[in-house]
Structures are given as structure tokens and as C-alpha cells.
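Structure, as C-alpha cells:
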Amino acid sequence: MPFSALAAQLAALDAQGLIRQRRVLESPQSAHVVVNGRDVVAFCSNDYLGIAGDPRLTAAACEGAGRYGVGAGASHLILGHGAAHHALEDALARFVRLPRVLLFSTGYMANIGIVTALTGHNDALFADKLNHASLNDAALLSRADFKRYAHGDLRALGRLLAASRARRKLVISDAVFSMDGDVAPVPELLRLCEQYDAWLLLDDAHGFGVLGASGSGVLQHFGVASARIVYMATLGKAAGVFGAFAAGQPEVIETLVQRARSYIYTTATPPMLAHALLASLNIIAAEDYRREHLARLITGLKRGLAGLRWRLLPSDTAIQPLVIGSSDEAMRVSAALAARGVLVPPIRPPTVAQGTARLRISLSAAHTPEDVAQLVEALQGIEDGFACRD
């Protein structure tokens with residue numbers, strides 16, 4: 001059997017410092033966790049509001065399990081679409097102020113379903129080069145003409161849109177870019193879509209719950225609204241549970257119900273999770289102090305790391321990328337942090353470009369100023385050690 005070829009590929013990855021490894025989390029998700037038997041302060045979770053381990057969500061999930069059982073048992077279009085799913089879709093539509101919502105099992109499945117249902121042959125997709133892998137994979141699966149523009153380059157996007165004679169044009173973009181932490185220029189993207197008669201798909205996986213006065217995401221953050229927008233967000237990050245949803249005009253959502261294969265041909269998520277998400281939405285909307293605390297932590301971290309030899313990318317979101325450079329050095333810095341009880345895994349190619357390996361520092365409202373100070377002091381000490389070695 002051809003295992004030798006696979007072994008050679010794995011050995012090559014290992015030699016380049018690109019082997020990925022799993023850690024075992026032995027406690028509820030929080031800022032302070034037990035990983036592989038050790039107590040650590042973790043700066044790598046997407047639990048931006050610190051509610052994944054909130055006892056109110058646990059209680060809601062237990063209540064949902066008692067009312068609806070655990071498994072959905074079928075796809076949404078057979079017999080798996082329960083009252084909890086329906087209530088959550090209605091609540092999400094009100095929360096993001098869009099006419100209709102459709103639940104998906106994951107953000108990856110949502111992007112695949114949206115793009116392939118709305119575009120195909122004779123259509124064109126226009127994508128930021130730093131988009132999430134799910135958007136890129138969706139574009140390839142759609143068989144539409146796939147054009148990518150340099151990150152944030154609105155002039156390049158305008159030229160591509162102006163030159164296109166496609167039947168349908170769809171601009172796809174992360175709202176918050178997952179590895180750089182910057183926010184897409186949504187108003188400008190929308191103006192280009194209006195000018196060139198295109199639709200705009202926004203993946204707000206890292207903005208939903210965090211951006212906007214009430215946490216309803218990037219549209220509220222910028223104060224924009226348009227029938228051209230198809231909005232996607234995930235429910236396993238700031239919302240603290242699991243799943244994803246698409247939101248938009250009724251005709252768009254009904255098209256997804258009828259044509260999105262990643263919605264049609266999969267079992268619905270457990271209804272107990274949908275019930276828990278109703279409690280999550282209440283927390284997101286009511287507890288503004290979580291976003292306010294998170295903003296203060298972001299400011300404190302940026303101030304503390306300003307003088308390091310490693311470059312902190314410009315980001316005002318919970319994602320604070322510290323660019324190290326080589327994969328090997330990023331791994332060594334991460335290991336040195338782990339030895340000090342601080343967990344920040346390295347992000348290496350192909351997830352990011354060659355020469356930009358980084359520590360992706362993710363802040364949460366569950367962190368304290370003391371946690372951030374511990375991270376800053378640890379990085380300063382590690383930097384001093386690296387300077388002596390140089």
C-alpha cells in the first residue's frame with residue numbers, strides 16, 4: 001500500500017516545522033484552563049465574550065435536552081427541523097435586523113452552501129486574498145469564474161468588477177480577517193457592489209457578538225444595510241455554543257433551503273444547542289460590559305507589546321497577531337510561553353504566508369488585566385533571552 005508516500009510527505013512537513021498537533025482540553029473553555037494535565041492561561045480561544053462555559057448556557061442546554069432530546073435524528077427537510085431551531089432562526093433574524101435566517105451546522109458548511117447555491121457557470125466571484133479557507137473552497141466548488149484581489153485593495157476589486165461580463169457577480173469577504181484581525185471596509189465594498197450590480201457575502205465569524213453596540217456584528221458596527229448583502233456568522237465563537245447561520249432577503253434564504261447541498265444533505269444540529277443559543281443571544285444583547293472589558297484588554301495588550309522586536313499587526317479586534325517571521329522561531333517562542341504557563345499556539349504556513357509565522361493572540365472577556373500583564377511580561381522576558389542568544 002502507498003503509505004511510504006504519505007510518510008515522506010509527513011516527514012517533509014516535520015522538517016519544515018509545519019506538523020500540527022492536538023492538545024487535550026480537560027476543563028470547560030475559559031481564560032484559565034487545564035490542557036494536557038497542566039493549568040495554563042490560554043490566549044487562543046475564539047470564546048471572545050467568555051460565555052462558552054457560562055452556567056446559564058449549561059442550564060439552557062440541559063433544559064433543551066429535557067424538552068427536545070439530544071439528537072435531531074434527521075435533516076431539516078425531512079424531520080429534523082425542530083421548534084428550537086425555528087425559534088432560534090426567528091430570534092437571530094431580529095437580532096441582526098435582516099428579514100430571514102437559515103441555520104447551518106458549521107460556518108464552513110454555511111459558506112459552501114451559500115456560494116454554491118447562489119453562483120455557478122457563467123457567474124463570477126471576487127474574493128479578498130486573505131479570506132478564510134471555507135470561502136476559497138466554496139468558490140472552487142461553485143465552478144464560477146474565481147477572481148482574487150490583494151488584501152483590502154478596493155481599486156483592484158473595482159477593476160475586476162468593471163471588466164466582468166458575468167451573469168451574476170458575488171463579492172465574498174471575511175468581515176474580520178481571522179489571521180490579521182483587521183475589519184473589512186464594508187461600506188466601501190457595498191458601494192462597489194452597488195456600482196457594478198453585484199451581491200456581497202460577508203463572513204462575520206469573528207465579528208458577531210463582538211462588533212456593534214449590541215454585538216450584532218459588522219453591519220451594526222458600520223451602520224450599513226442593503227438587500228444586496230448576504231450575511232453569515234458562526235455561533236461557536238463569541239456566542240459560545242455551536243453552529244452558524246445565513247441571513248438575508250427571503251428570496252435568498254429560500255434559494256438556500258432549496259439548493260444549498262450542505263444544508264439539505266446533513267442531519268440537523270441537536271435541538272438542545274439551538275435552545276442554548278437562545279440564552280446566548282440574551283447574554284450577548286444584555287451584557288454590554290463584556291465588550292467594554294474586552295476593548296480595555298485590547299488597548300492594554302497593544303500598549304504592553306508596543307516595544308517588542310516582534311511586530312504586532314494593526315488590529316482593534318480581539319485577534320491580535322504578533323508576527324514572528326520564521327516557523328521555527330514562532331514555535332520556539334510559543335514553547336517558551338508554554339513553559340511559563342501561557343498558551344499561545346503558533347500559526348504557520350500554509351495558514352499564513354511564508355515569512356509571516358505568528359502568535360495569534362486571542363483575547364476574551366474572561367481574561368483579566370492581570371492575565372494580559374502575565375502574557376506581556378512573559379513575552380518581554382522571552383525577547384530578552386532571544387536578544388542574548390543573538
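The values are calculated or read from the model by the stated rules, or taken from the named source; none is laboratory data. What you see is a predicted model, and the numbers here were worked out from it, not measured in a lab. Don't worry about glycine lacking a Cβ; one is built from the backbone with ideal geometry, like all the others, and counts go over all protein chains shown.
Only one of 205, 166 is among the small types (Gly, Ala, Ser) and surrounded by fewer than 24 Cβ atoms within 10 Å (Cβ to Cβ); which?
166
Only one residue in 341, 381, 304, 325 is at positive phi and either among the charged types (D, E, K, R) or in contact with a helix residue (DSSP H, G or I) (Cβ under 9 Å, 6 or more places away or on another chain) (or both), so which one is that?
Testing whether each residue is at positive phi and either among the charged types (D, E, K, R) or in contact with a helix residue (DSSP H, G or I) (Cβ under 9 Å, 6 or more places away or on another chain) (or both) leaves just 341.
The rows are residues; the columns are (1) part of a helix (DSSP H, G or I); (2) at pLDDT 95 or above.
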| residue | (1), (2) |
| --- | --- |
| 236 | no, yes |
| 239 | no, yes |
| 263 | yes, yes |
| 274 | yes, yes |
| 285 | yes, yes |
| 290 | yes, yes |
| 293 | yes, yes |
| 301 | yes, yes |
| 309 | no, no |
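Anything in region 174-191 that is touching a helix residue (DSSP H, G or I) at 6+ places or on another chain (Cβ under 6 Å), part of a helix (DSSP H, G or I) and surrounded by 21 or more Cβ atoms within 10 Å (Cβ to Cβ)? List them, or say none.
Of everything in region 174-191, just one residue is touching a helix residue (DSSP H, G or I) at 6+ places or on another chain (Cβ under 6 Å), part of a helix (DSSP H, G or I) and surrounded by 21 or more Cβ atoms within 10 Å (Cβ to Cβ), namely 186.
In this structure, does residue 244 turn out to be in contact with a Gly (Cβ under 8 Å, 6 or more places away or on another chain) and either small (Gly, Ala, Ser) or surrounded by fewer than 23 Cβ atoms within 10 Å (Cβ to Cβ) (or both)? Let's see the steps before the verdict.
Working: in contact with a Gly (Cβ under 8 Å, 6 or more places away or on another chain): yes; either small (Gly, Ala, Ser) or surrounded by fewer than 23 Cβ atoms within 10 Å (Cβ to Cβ) (or both): yes.
Considered against the rule, which asks whether it is in contact with a Gly (Cβ under 8 Å, 6 or more places away or on another chain) and either small (Gly, Ala, Ser) or surrounded by fewer than 23 Cβ atoms within 10 Å (Cβ to Cβ) (or both), residue 244 comes out as yes.
Which condition breaks for residue 34 when tested against (1) in contact (Cβ under 8 Å) with a residue 60 or more places away in the chain; (2) part of a strand (DSSP E or B); (3) not basic (Lys, Arg)?
With respect to (1) in contact (Cβ under 8 Å) with a residue 60 or more places away in the chain; (2) part of a strand (DSSP E or B); (3) not basic (Lys, Arg), residue 34 is out only on (1).
Across region 247-298, what is the number of residues that are surrounded by fewer than 16 Cβ atoms within 10 Å (Cβ to Cβ), closer than 30 Å to residue 360 by Cβ and among the basic types (Lys, Arg)?
Of the residues in region 247-298, 1 are surrounded by fewer than 16 Cβ atoms within 10 Å (Cβ to Cβ), closer than 30 Å to residue 360 by Cβ and among the basic types (Lys, Arg).
Of the residues 72, 91, which single one is within 17 Å of residue 276 (Cα to Cα), part of a loop (DSSP other than H, G, I, E, B) and either in contact (Cβ under 8 Å) with a residue 40 or more places away in the chain or not assigned by TED's automatic domain parsing to the domain that holds residue 260 (or both)?
Among 72, 91, only 72 is within 17 Å of residue 276 (Cα to Cα), part of a loop (DSSP other than H, G, I, E, B) and either in contact (Cβ under 8 Å) with a residue 40 or more places away in the chain or not assigned by TED's automatic domain parsing to the domain that holds residue 260 (or both).
Out of everything in region 42-69 that is of a type in the set (S, T, N, Q) and outside any helix (DSSP H, G or I), what residue ends up being nearest to residue 32 (Cα to Cα)?
Within region 42-69, the match that is nearest to residue 32 (Cα to Cα) is 45.
Determine which single condition residue 33 fails, assuming it passes every other condition in (1) buried (at least 19 other Cβ atoms within 10 Å of the Cβ); (2) in contact with a strand residue (DSSP E or B) (Cβ under 8 Å, 6 or more places away or on another chain); (3) in the same structural domain as residue 244 (by TED's automatic domain parsing).
Here residue 33 meets the rest and fails (3).
For region 117-150, which positions are surrounded by fewer than 16 Cβ atoms within 10 Å (Cβ to Cβ), touching a strand residue (DSSP E or B) at 6+ places or on another chain (Cβ under 7 Å) and not hydrophobic (A, V, I, L, M, F, W, C)?
The one that is surrounded by fewer than 16 Cβ atoms within 10 Å (Cβ to Cβ), touching a strand residue (DSSP E or B) at 6+ places or on another chain (Cβ under 7 Å) and not hydrophobic (A, V, I, L, M, F, W, C): 129.
Has region 106-116 got any residue that is of a type in the set (S, T, N, Q), buried (at least 22 other Cβ atoms within 10 Å of the Cβ), closer than 24 Å to residue 354 by Cα and touching a Leu at 6+ places or on another chain (Cβ under 9 Å)?
No, region 106-116 contains no residue that is of a type in the set (S, T, N, Q), buried (at least 22 other Cβ atoms within 10 Å of the Cβ), closer than 24 Å to residue 354 by Cα and touching a Leu at 6+ places or on another chain (Cβ under 9 Å).
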